[in-house]
Amino acid sequence: MTVLLALLQVLFLVRHAEKVDNSRDAALSQAGEARALALADKLRDAGITAIFATEFQRTQKTAAPLAKRLNVKTQVRAADDTAGLVALLNQQERALVVGHSNTLPEIAKAFGTTLEVPDEEFDGLYVLLPAERLLVRLHQ
């Protein structure tokens with residue numbers, strides 16, 4: 001089974017961690033910073049070679065600990081450019097996407113799956129296998 005997974009494209013989707021307030025470009029709260037560190041611990045051996053985040057600091061700061069650990073530069077994409085992001089993801093073997101409750105479902109849909117991310121959810125880690133049209137939710 002491990003050999004099969006090694007041959008498949010795997011995309012990890014996660015909503016940004018908790019934020020301090022509801023302003024447009026809110027920073028991460030202390031809980032959010034802790035969650036970002038925990039995400040880096042969880043995904044450190046996942047074979048991720050590309051990390052994508054939106055233009056908002058909460059997504060970039062959620063991705064930052066893993067990017068630093070892996071020495072991978074986070075690629076910033078506009079939150080409303082799903083088509084452009086999907087085109088880039090199609091070129092990746094293993095990638096992390098840090099998005100929003102409204103952008104992650106669009107990405108999942110582009111790969112033939114469905115996803116709902118409630119506004120109050122920050123602990124979902126989704127593993128997407130595009131070739132299988134399979135999306136699995138894990139907890140961070």
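Before moving on, here are some points about what is shown:
- Residues being touching a Phe, Trp or Tyr at 6+ places or on another chain (Cβ under 8 Å) and either on the phi > 0 side of the Ramachandran plot or of a type in the set (Ser, Thr, Tyr) (or both) - total across segment 52-75: 1
- Check on residue 92, surrounded by fewer than 20 Cβ atoms within 10 Å (Cβ to Cβ) and in contact (Cβ under 8 Å) with a residue 24 or more places away in the chain: yes
- Filter result for residue 35 (among the basic types (Lys, Arg), touching a residue at least 60 places away in the same chain (Cβ under 8 Å) and assigned to a helix (DSSP H, G or I)): yes
- Which listed residue, of 21, 45, is part of a loop (DSSP other than H, G, I, E, B), free of Cβ contacts under 8 Å to residues at least 12 places away in the same chain and closer than 27 Å to residue 133 by Cα: 45
- The one condition in (1) free of Cβ contacts under 8 Å to residues at least 12 places away in the same chain; (2) surrounded by 14 or more Cβ atoms within 10 Å (Cβ to Cβ) that residue 110 fails to fulfil: (1)
- Residue check for residue 117: surrounded by fewer than 19 Cβ atoms within 10 Å (Cβ to Cβ), in contact with a helix residue (DSSP H, G or I) (Cβ under 7 Å, 6 or more places away or on another chain) and under 18 Å from residue 17 (Cβ atoms): no
- Residues of segment 25-61 satisfying the condition of being buried (at least 20 other Cβ atoms within 10 Å of the Cβ), basic (Lys, Arg) and under 18 Å from residue 126 (Cβ atoms): 35, 58
Laboratory data are not the source of any read-out in this text; all were calculated from the coordinates shown. Treat the numbers as computed from the prediction; the structure is a model and nothing was measured. Heads up, the Cβs are rebuilt from the backbone with ideal geometry, glycines too, and the neighbour counts pull from every protein chain shown.
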